[in-house]
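See below for the structure under consideration.
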Amino acid sequence: MSVTLQKKGTRMHRFGVWAFAVLLTLLFIWLLGFVMTDIGRIPGPDFRTLESKYVDSNLVARKNEIERELHRLEVDISNQKQVQDILRNSTENSQRTMNQLLDLRRRNLEKSVAPTPDEQRALEESQAVFLKNQEEFQKANEQISQLVTRQKALQEEMANLEEQLAAQRKLAQEEFERLHRKHSLKLASIKLLILLPLLFVAVWMVLKKRASVYKPIFYAFAFAVFWRTAQVIHEHFPSALFKYIAVVAGIVAVLAILIYLIRMIAAPKRDWLLKQYREAYNRRICPICAYPIQFGIAASAPYSRRLASVPELSGVGGTGEDTPYTCPSCGQALFSACEACGKIRHVLLPFCRHCGASVPQQS
């Protein structure tokens, strides 16, 4: 068993590496986003073109004409109502003047005083204005009635046109949605045609190069490609289909991780196995079966204290590690004599703690 020393650098150095890895991830996402945006600019179906294909242009022209005429009718009706308001005010003024003159004449007649020519002329003029205003007001009423009748007729025609146009636009909308879905799938295919190979390359690099010193770069690239791929699938596929894709992808990911963990237990890697051995020795249990390491059970107390007072004989395992030791549960040799210095060393660790020699006792 040989061990390659890993140079991890200072804590600040490691923090800087991962900080720049995160920044690199964002830049990768940004770059892939530009590519996806440019692909998304490919023109799709035009609703106006489809509308002109399905909607009768004569009906549209008639609808626009009716809208203009309805607008004119609304203006004319409003103008006639304003005229009525003016006539109403003028009529009320004429009526008040005429009433005052009649009242004045009545008082004069009671006093046997004949009305003057000016009073007679003023009364006649007030009566003439009153009658004229009444006539004009009635004409305005008739004009408004005609305009309202025309307005109702046009509104009924407009409702019929809207119903016909709505049916035609529905056909155009259905065709547009069908073509839009087709165009969306086309864009998704182009995007995935770019992203999926990149995703396979990224996964391959993460799996094959995870022990490399450049693994932060591979992780950054893999995360960015995965993020954009998930975004494209979510954007272009229906939500009902996307949830199945997400669940299947989750199942595949969980199965891959589970299989990886099972393989690590069944056939562990050298580095992982070494870490397991170190932790087991430190916790005073057998690295193979986890049975407690029980040094010095049969030794007397004075002898154990004497061993503990000797620095060379006290180590990770504690008192009693000066003699070979085999796990009584599984039979694995845990401590034995070093071939280089002859002192007791850990069998499953790569270096002798006394002389530092790399003379493995078990591979």
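The values are calculated or read from the model by the stated rules, or taken from the named source; none is laboratory data. Computed from a predicted structure; not experimentally measured. Here the Cβ positions follow ideal geometry from the backbone for every residue, glycine too, while neighbour counts run over all protein chains shown.
Just a few scattered comments:
- Matching option when the condition is charged (D, E, K, R) and modelled with pLDDT under 50, among Glu279, Glu312: Glu312
- Among the helices (runs of 4 or more DSSP H) confined to the range 10-124, the ones with at least 3 residues that are out of contact with any strand residue (DSSP E or B) (no Cβ under 7 Å at 6 or more places or on another chain) and at pLDDT 90 or above are located at 11-40, 57-110.
A quick yes/no check of all residues on (1) more than 28 Å from Pro350 (Cα to Cα); (2) surrounded by 13 or more Cβ atoms within 10 Å (Cβ to Cβ); (3) not small (Gly, Ala, Ser):
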| site | (1), (2), (3) |
| --- | --- |
| Lys191 | yes, yes, yes |
| Leu207 | no, no, yes |
| Ile217 | yes, yes, yes |
| Val247 | yes, no, yes |
| Asp271 | no, no, yes |
| Leu274 | no, yes, yes |
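- Lone unmet requirement of (1) surrounded by fewer than 11 Cβ atoms within 10 Å (Cβ to Cβ); (2) under 19 Å from Lys186 (Cβ atoms) for Pro45: (1)
- Taking every residue in the range 31-50 that is under 19 Å from Ile233 (Cβ atoms) and pairing it with any residue that is assigned to a helix (DSSP H, G or I) and small (Gly, Ala, Ser), at least 6 positions away or on another chain, the pairs with Cβ-Cβ distances below 7 Å are Leu32/Ala224.
- When residues of the range 173-188 are limited to those that are aliphatic (A, V, I, L, M) and modelled with pLDDT of 90 or more, the one surrounded by the fewest Cβ atoms within 10 Å (Cβ to Cβ): Leu179
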